[in-house]
Amino acid sequence: MFDLNVILNVIKTMIVVNYECLGRLGNNIFQFLASMIFAKKVGGIVLPPPARGNQPFVVNDDTFLTCMAKSDEALREYCEGKSVFFHGYFQRGEILVQYKDVVVESMQSNLKFNQQIHFRDLFVPLQIPPDVCIIHLRLDDFNFQHTSNVVHYDFYIEQIEIAAKMHSYDKFAIIVDKPKLDGERKYLQKLTDALQTRGLQYHLHSGQVIEDWNLLRVASYVISSNSTFAFMACLYGLFVNPSKRVVYPQTGHYPHQMFAIELEGWKNVDVSCIDFMKIA
């Protein structure tokens, strides 16, 4: 026979965590993982968007940090009987590192993290030679957002030299959408000129989103753009392959993008931005 008091207690302490998708793929993964980490702390369950409970406790980027600073017991007691609604970006790399096991377990599941995509859809078998360094650009993405501020090309040129001289890379694959605007073409020309001048081999890769994700995930060395998409692919890749190297640019361009993490194999570099639409 069921103990009614036990059942009522489980219902009372179960916390449903709902989250809202803002931005695109990389943002959605951050949002979902933040809700999974929160649910782990409070013993709750996560519902896919657009579910939202009645009169929910709304967690934004600021309150998320406050909640994460609480002990599991204190947070569970605070949220008892509530529906928690996540509305923000939650781009806190240090928290993902702290809850590495939750991140890996969640991303290896068949869970659905936005209206269209399950995590299983992200992962496709892919192998690339270990002597190829991946460079990820973000030109079209910034154009999509109606701003042309991207990482200055000097960042890539400096990191290409480091990869070549210190780690003996002479082959580079540049992940970039096919340039459509004059500024994009000039920006890309700066990089290809630098590679040619140094006698380094390169090719341009303009693939589908899932293919790009997997290239970033499995590559042994990545020089990244300031992209949530690249960040999540590289971080997961480093979690499962500690020998991976990732160079990530810190621009401070967006206040909610606080990616800085301390992890073996991950290097944060302070860089400036450039308006690629105004490159001479």
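The values are calculated or read from the model by the stated rules, or taken from the named source; none is laboratory data. These numbers were taken from a predicted model, which means no experiment stands behind them. Using ideal geometry, Cβ is built from the backbone for each residue, glycine included, and neighbour counts are taken over all protein chains shown.
Data for the structure
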{"read-out": "Hits in segment 103-134 - residues which are over 26 Å from LEU22 (Cα atoms) and either within 18 Å of the chain's Cα centre (by Cα) or basic (Lys, Arg) (or both)", "value": "ILE134"}
{"read-out": "Counted residues, segment 207-249 - those being assigned to a helix (DSSP H, G or I), closer than 19 Å to LYS171 by Cβ and not hydrophobic (A, V, I, L, M, F, W, C)", "value": "5"}
{"read-out": "Condition broken by PHE85, with the remaining ones in (1) touching a strand residue (DSSP E or B) at 6+ places or on another chain (Cβ under 9 Å); (2) surrounded by 13 or more Cβ atoms within 10 Å (Cβ to Cβ); (3) part of a loop (DSSP other than H, G, I, E, B) satisfied", "value": "(3)"}
{"read-out": "Unique residue being without any contact (Cβ under 8 Å) to a residue 12 or more places away in the chain and either assigned to a helix (DSSP H, G or I) or of a type in the set (A, V, I, L, M, F, W, C) (or both) when the list is ALA74, ALA34", "value": "ALA74"}
{"read-out": "Extreme residue, modelled with the lowest pLDDT, among residues of segment 172-188 that are within 28 Å of ILE210 (Cβ to Cβ) and in a helix (DSSP H, G or I)", "value": "GLY183"}
{"read-out": "Of the criteria (1) of a type outside the set (Lys, Arg); (2) part of a helix (DSSP H, G or I); (3) over 20 Å from GLN31 (Cβ atoms), which one GLY252 fails", "value": "(2)"}
{"read-out": "Subset of segment 135-155 that is assigned to a loop (DSSP other than H, G, I, E, B) and under 21 Å from LEU22 (Cβ atoms) - its residue that is modelled with the lowest pLDDT", "value": "GLN145"}
